[in-house]
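All remarks here apply to the structure that follows.
Readers should treat all values here as calculations from the given coordinates under stated rules, not as data from a laboratory. The structure displayed is predicted, hence computed values, not measured ones. Every residue, glycine as well, gets a Cβ built from its backbone with ideal geometry; the counts of neighbours run over all protein chains shown.
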Amino acid sequence: MKRPKFQNGKYYHICNRGVDKREVFMCDEDYLRFLISLRYFNDVNPTGGLYNYLQSFKLETFARSKDLPKVPDNEPLVDILCYCLNINHFHLLLKQKKEDGVSNFMQKLSNSYTQYFNKKHKRSGVLFQGKFRAFEVKSEGKLWETSFYINGNAEIHKIDKCDKWPWSSCSDYLNIREGDLCSKNEVLKHFKNISEYKELLFDYIREKKAWKEERKEFEK
């Protein structure tokens, strides 16, 4: 698949999964480490290891409540609009802010998480299935549709209800959790209010699940 040319101010749906479809998140600490990395490595300046940053708070404080502490004086490469982490893959909706921002961010994120995961789980080699996939989001309609797909991804894959799954931005969009990792107003400004967004999100999830069931029946 030919990757789009990343441009400042443009939106991109980014995704990747474990090599051979293996699990890339095996415990809560793995999910949290990836979320911490989303904030920590989103910086145009060189970033060192995560050790000192991790000492500033307890891992469990983020999972079902508030957001991660700020990184002092960081200059973001991208705006993170949505995310979902799902056992063997992840989805991100990003807006590039700096030249080569998406590529640099994803390289730092993937390399750091792979090193952490391999050390923790006593393995070696690549963790993700090649380079990340990227799709440009070219219209307002596709922007909110992509946000529905990512925020509803856990439910679409029958992992958990989207508003119960702590490893996505859905709870932030629905004001269940007061996180500020995501620039959610980039999406929500296109809706009258959160109730409208929630209604359309749930409609989208129902349609996607029905489509997947129909496809499964067709392929029997």
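Highest GNM mean-square fluctuation among 199, 99, 136, for the chain modelled with Cα contacts below 10 Å: 199. Separation of segment 106-165 and segment 168-189 by C-alpha centroid, Å? Between the Cα centre of segment 106-165 and that of segment 168-189, the gap is 17 Å.
For residue 206 and residue 98, a Förster radius of 25 Å and the Cβ-Cβ distance give a FRET efficiency of 0.05, rounded to the nearest 0.05.
For segment 130-153, list residues with backbone N below 14 Å from a point placed 7 Å from the Cα of residue 7 toward its Cβ? Only 136-139 fall inside the zone, counting backbone N under 14 Å. In the chain, the ratio of gyration radius to Kirkwood radius, Rg to Rh, stands at 0.95 when only Cα atoms are counted.
Straight-distance candidates among the lysines for linking to residue 158, with alpha-carbon spacing under 16 Å and chain neighbours fewer than 8 residues away dropped: 208, 209, 212, 216.
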